[in-house]
1. Is it true that some residue in region 296-307 is within 16 Å of ligand 2 (Cβ to nearest atom), in the same structural domain as Ile245 (by TED's automatic domain parsing), in a loop (DSSP other than H, G, I, E, B) and within 24 Å of Gly213 (Cβ to Cβ)?
2. Could you tell me which of the residues Gln183, Gln207 is away from ligand 2 (no atom under 15 Å from the Cβ), free of Cβ contacts under 8 Å to residues at least 40 places away in the same chain and assigned by TED's automatic domain parsing to the domain that holds Met262?
3. Regarding region 217-226, can at least one residue be identified that is outside any helix (DSSP H, G or I) and either of a type in the set (Ser, Thr, Tyr) or modelled with pLDDT under 95 (or both)?
4. Looking only at region 71-89, filter to residues that are touching a Lys or Arg at 6+ places or on another chain (Cβ under 9 Å) and modelled with pLDDT under 95; which one of those is surrounded by the most Cβ atoms within 10 Å (Cβ to Cβ)?
5. Select from region 115-137 the residues that are surrounded by fewer than 21 Cβ atoms within 10 Å (Cβ to Cβ) and either within 17 Å of Tyr218 (Cβ to Cβ) or touching a residue at least 12 places away in the same chain (Cβ under 8 Å) (or both) and list them in ascending order.
6. Just to check your reading of the model, which residue among Ser276, Ser348 is farther than 24 Å from Pro228 by Cβ, within 16 Å of ligand 2 (Cβ to nearest atom) and outside any helix (DSSP H, G or I)?
7. Could you say which residue among Leu267, Leu286, Leu256 is among the aliphatic types (A, V, I, L, M), in a helix (DSSP H, G or I) and more than 14 Å from ligand 1 (Cβ to nearest atom)?
8. Out of the residues in region 186-202 that are away from ligand 2 (no atom under 16 Å from the Cβ) and crowded, with 24+ Cβ neighbours inside 10 Å, which is farthest from the chain's Cα centre (by Cα)?
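The values are calculated or read from the model by the stated rules, or taken from the named source; none is laboratory data. The shown structure was predicted, so the numbers you read here are calculated from the model rather than taken from an experiment. Positions of Cβ are generated from backbone atoms using ideal geometry, with glycine treated the same way; all protein chains shown enter the neighbour counts.
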Amino acid sequence: MAVKTAAGQASDDFDFRKAEARSLPKELNLRELGYVPFRLEYLFSEYPVPCALYVPVLVQGEELPNFVKVLDPGQLFSEDWRLRLLDEQITVLYAEEGDLEAIDEYFKEVVEAALEDSWLGMQDQAAMLRAYGAFLAEGIFEDPHHPDTFEAAAWWADATARFLFQKSPGAAVLYRLFSKNYQAYLHSVQVSLLVMAVCRAMAWRNQDVRDAGVAALYHDMGKAWVDPRILHKPGSLTREEFAHIRRHPLQAHEHLKKMGWMNANQLEGVLSHHESMDGTGYPHGLKGTDIHPYARVIHVVDCFDAITTDRPYRLRTSPYRALKLMQNEMRLSFDHHILYKFIQFLGS
Ligand SMILES: [Fe+2]
Ligand SMILES: [Fe+2]
């Protein structure tokens, strides 16, 4: 396929397979080289590509990859392009870090246009919101202190709330977009979308729907400080490893408080998302209504998403069985009213 090298020369004869494009060493951090992942699913047909997008190609014998330009800024993306990239098994492209602002503008324009387009179906609108949320969530884990992400997350939650209030999408519209493979950033955006939908179904005011949504997007940010070997360990964890993972709400809270981005409700939502109604949760063993409502909603949705996606230590459970489990064995953990509303929403 016709591609351009980072220097801009055409390289029609470049063969990705020969260059072992997919055998980049795991420890290689492309962000440290100044590139951020931009997934193929973030590109929409008939929208201009936001910035130059590259594929990292490691030539045998070389330590660092070459970034081969595959898409130019401003060119109209098409389904034809998507198929060509998929054909080469390329699902993640990379943008230069300096283009983050252009990417942000792109997502905002795409979402804004989608929400105003009366011809576009709810499913496509939800897909665009989910794509922007996923991009932001990935950035939260990679660079938790990036000052622009919070403003963008607030914009995203605002747009999502607008969509939820105007269209009242049923659970199927959102759930169809969800990945069953666990990835921290996908989990975050899925939890956030469902949290906002349930808060809306409980007739919370718009401001609370948005604020709870942002808290949900950040709820597991503390995992950025958890040792990845423990986070992805397939077997059972030792007592020390458990204790290490259980620090993530405190860590997120500590960092977010210092950054001064969140209001007190949102900070509580993040801090207490693993608290249980019966007092058996962590980090503080709070009980009942001592747990902030944002945290009680996030707790329900968080558990549901955890049970219904594959994790390193167990396979996923169907939504039906997950809800049964939550209603029976796990019922003391949840706020009954919220669980009831959540189940009602999922059935909508
Ligand atoms: Fe968590
Ligand atoms: Fe979580």
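1. Let us first name the residues in region 296-307 that are within 16 Å of ligand 2 (Cβ to nearest atom), namely 296-307.
Those still in the list that are in the same structural domain as Ile245 (by TED's automatic domain parsing) too: 296-307.
The next check asks that each one be in a loop (DSSP other than H, G, I, E, B); those that pass are none.
No, region 296-307 has no match at all.
2. Only one candidate qualifies: Gln207.
3. Scanning region 217-226 turns up at least one residue that is outside any helix (DSSP H, G or I) and either of a type in the set (Ser, Thr, Tyr) or modelled with pLDDT under 95 (or both).
4. For region 71-89, the residue satisfying everything is Glu88.
5. First pass over region 115-137, keeping only residues surrounded by fewer than 21 Cβ atoms within 10 Å (Cβ to Cβ): 115-124, 127, 131.
Listed by number, the residues that qualify are Leu115, Met122, Gln123, Ala127, Ala131.
6. On the way: Ser348 fails: within 16 Å of ligand 2 (Cβ to nearest atom).
The match here is Ser276.
7. Details: Leu286 fails: in a helix (DSSP H, G or I); Leu256 fails: more than 14 Å from ligand 1 (Cβ to nearest atom).
Unique residue meeting the criteria: Leu267.
8. Going through region 186-202, the residues away from ligand 2 (no atom under 16 Å from the Cβ) turn out to be 197, 199-202.
So of that shortlist, the ones also crowded, with 24+ Cβ neighbours inside 10 Å come out as 197, 199.
Working: Ala197: 16, Cys199: 19 Å.
Filtering region 186-202 for residues that are away from ligand 2 (no atom under 16 Å from the Cβ) and crowded, with 24+ Cβ neighbours inside 10 Å, the one farthest from the chain's Cα centre (by Cα) comes out as Cys199.
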